[in-house]
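Colleague: This is the structure I have questions about; it appears just below.
Values quoted throughout were computed directly from the atomic coordinates according to the rules given, and no laboratory measurement underlies them. Computed from a prediction, not measured in an experiment: that's the story for all the values here. We place every Cβ from the backbone using ideal geometry, glycine too, and count neighbours over all the protein chains shown.
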Amino acid sequence: MNRDRDPAGRPRNARPRDALGRLLDRGAAGQAPVPDDLVVTGADAATLAGQLLREGRPFHAHEVLEAAWKSGPPAERDLWQGLAQIAVGLTHARRGNARGAAALLRRGAERVRAGWDPPAGGSQPYGMDLPAVLAASDDLAARIERHGLDGIPPADLSPRLLRP
């Protein structure tokens, strides 16, 4: 069986995925993938990831945020990694994995806090409302830990990344 490969010869999986990143059968209609070699500015990453989160596509938002940490300045690495972990936590929640969701929401929020200096970077780098994102992540993780995923409104799994 031949494996899908990128132009550099690295393996990749070109199978389509659903909105939560789960692989679909070859030939099935799926979500447009985020390119593996995406290079994105912080402002563009925030805008695109915010849109994907609002559309209920946290897996794809994670891929954009991952591209931002790989192509962005080293000083922003923890910020982007933490936001990517929050997106993965939301993916786990949408897939029904309460334990993984709570753990990644908390880990992501901790990493964002470690990599973001409010006095130096302001509360809204690239138009992101980080205090609201962190509060929502902490609150959602606590609710999931207390009561599981039952009763979590879908809107709570599609947080706003950008300030209104």
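Colleague: What FRET efficiency would be calculated for the residue pair ALA43, ALA114, taking the C-beta separation as r and a Förster radius of 30 Å, to the nearest 0.05?
Modeller: 0.85
Colleague: Between rounded, prolate and oblate, where does the range 103-164 land on the alpha carbon gyration tensor, with a ≥ b ≥ c its root eigenvalues, rounded for a/c under 1.5, else prolate if a/b exceeds b/c?
Modeller: It comes out oblate by the Cα gyration axes.
Colleague: Now, a different point. Whole-Hz ³J(HN,Hα) for each residue in the range 127-141, computed from phi via Karplus 6.51 cos²θ - 1.76 cosθ + 1.60 with θ = phi - 60°, x for glycine and proline: what do you get?
Modeller: x, 7, 9, 4, x, 5, 4, 5, 4, 5, 5, 4, 5, 5, 4
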